[in-house]
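None of the figures in this text is laboratory data; all of them are computed from the coordinates on show. For clarity, every value in this text was computed on a predicted model and none was experimentally measured. A quick note on method: Cβ atoms are made from the backbone with ideal geometry, for glycine too, and the neighbour counts reach across all protein chains shown.
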Amino acid sequence: MSVYKIIGGRRLEGSVRVQGAKNSALPLLAASVLSEGISVFRNCPRLSDVRATVEILRHVGCRVYAEGDALYVDASGPILPEVPDELMREMRSSVIFLGALLSRCGEVTLSLPGGCELGPRPVDLHLRALRCLGAEITEAAGRICCRAGRLTGARIQLPAVSVGATENAMLAAARAEGTTVISGAAREPEIADLQAYLREAGALVSGAGSGVIRIRGVDKLRGAEHRIIPDRIAAATYLSAAAAAGGRIRLYDVLPEQLAPVLQTMRQLGCSVSAGEGIVVLERKGPLTSPGPIITRPYPGFPTDAQPPVMAACLLAEGTTVFIETIFESRFRHVPDLRRMGAEIQTDGKTAVIRGVKALRGAEVEAADLRGGAALVAAALAAEGESTVRGLRHLDRGYEELETTLGSLGAEIRRQDGGDEGEQSDG
């Protein structure tokens, strides 16, 4: 298994092009099965989660091939309404195929998905939305079977904000008969990106970015060409790394308005931050100071996925920083390894309290999940001495050649074959 060897204490300097958004690419690729033609997705990131999604697309009958940063999906042939267990276990986002395959085929069978173990993330809201549209659903032995013939438009009230349930409802409703109104919809930029692709493919969808989405179903969708939005969480990770290690970095191909809570936190930490069209520049010269409490919220609040890397930037900040996690129950799995590096962190349920230290020290640590792994890398870049980061299979799910990107900024980081990383998890 591969590991990162990182020698900390190097300032980061230079420019980074932000990759396409992982959390947008996966539902977009699932949505392509609705389009009876060829869809082209540009700015598609090269990630293990994207490869797993491609395998599902090929299994159900799509032809998929890549040219540069573009991924082509031909869904014009017959589509199989079933995803095997071994493919579903690869990632949590595979559940998005529920709505897409049900809408295209009138039925779908799949198992409960895998993914990072961040606490309970039940699919109840997904199934509730599909039942509103007329799906008959049975669950047995970890398998979900949905049948509907043709779905019928309906009013769907989501009792809690759920990005995945919103996406599944949108996909299922796109070819349903009649009009669907989704209330309590998630407002994340990735929802708006999905709407943009669906509209390019001929769907009648509006309201993404607000709490109410309206969809008038159509008989068929056509293939479409779409450029995936930049990855705001990857951008937040690079900003956190520069804040932790010091230096000046420039991000381009980024949407600053989607990073507003993170940019505010970086300024509160004492970093100089400027933003323009498609560009963010961060510089850290002096010591960091503790920002105010950081509370994760659904968009447009502070993103839960940015919490771990931003936490790494706060470890050296003078004073006390409080993190309150409201989205996932097990979002602090990176904390024990940060403590191994000299961080002073106390956790109590959904709260983590950090007392800033003068220095971090290199250590051997292991990523327990994707964003926690990013936190360990950011902390290692700021630490004195050498760190070994294991569990790179998690980082490969969401970051495109992370070591190459950080290396281009002057970080001393290399990927090398290491010892056994332990038994592979669902991550």
Computed lengthening from residue 344 to residue 112, 0.36 nm per intervening residue step minus Cα-Cα distance: 79.8 nm
Amide H contacts under 5 Å for residue 2, placed H, 5+ residues apart: 418
Whole-Hz couplings from phi, Karplus 6.51/-1.76/1.60, listed for segment 213-226; x for Gly and Pro: 10, 10, 9, 9, x, 10, 5, 9, 10, 9, x, 8, 10, 8
Span from the segment 297-358 Cα centroid across to the segment 4-53 one, whole angstrom: 25 Å
Sparsely packed GluC sites (Glu not before Pro) within segment 253-306, loop by DSSP, other Cβ within 10 Å at most 12: 277
Under the Karplus curve 6.51 cos²θ - 1.76 cosθ + 1.60, θ = phi - 60°, whole-Hz ³J(HN,Hα) for segment 54-66, x wherever Gly or Pro sits: 4, 4, 5, 4, 5, 4, 7, x, 7, 9, 10, 8, 10
Over 29 Å (Cα to Cα) - which of 22/285; 22/220; 22/358 fall in this group: 22/285; 22/358
Value of relative contact order over the chain, rounded to a whole percent, pairs C-alpha under 8 Å and six or more apart: 22 percent
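For the residues 3, 205, 18, what sequence is obtained by ranking on other C-beta atoms within 10 Å, fewest first?
Taking fewest neighbouring Cβ atoms as first place, the list is 3, 205, 18.
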Highest-first arrangement of 165-175, 286-296, where packing means the average Cβ count within 10 Å: 165-175, 286-296
Amide H within-cut-off set for residue 295, under 5 Å, with H built and near neighbours excluded: 324
Electrostatic dipole magnitude of segment 22-227 [Cβ: Lys, Arg +1; Asp, Glu -1; Cα centre; debye, to 20]: 460 debye
In order through segment 335-345: 3J(HN,Hα) via Karplus (6.51 cos²θ - 1.76 cosθ + 1.60), integer Hz, x for Gly, Pro: 4, x, 6, 5, 5, 4, 8, x, 6, 10, 9
Cα-based convex hull, the chain, per residue volume (Å³, whole number): 122 Å³
For residue 162, residues with placed amide H under 5 Å, excluding near neighbours: 186
C-alpha center-to-center spacing [segment 252-284, segment 198-225] in angstrom: 31 Å
Helix 232-245 vs. the chain, principal-axis angle (Cα, 0 to 90°, nearest 10): 10 degrees
Principal-axis tilt of helix 260-269 within the chain, Cα atoms, nearest 10 degrees: 10 degrees
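Quick check on the chain: helices-only [θ] at 222 nm, where DSSP H runs of length 4 and up contribute -39,500 (n - 2.57) each and the sum goes over total residues. Nearest 500, please.
On the way: 14 runs with 131 residues, N = 427.
Calculated at 222 nm, the ellipticity per residue is -9000 deg cm²/dmol.
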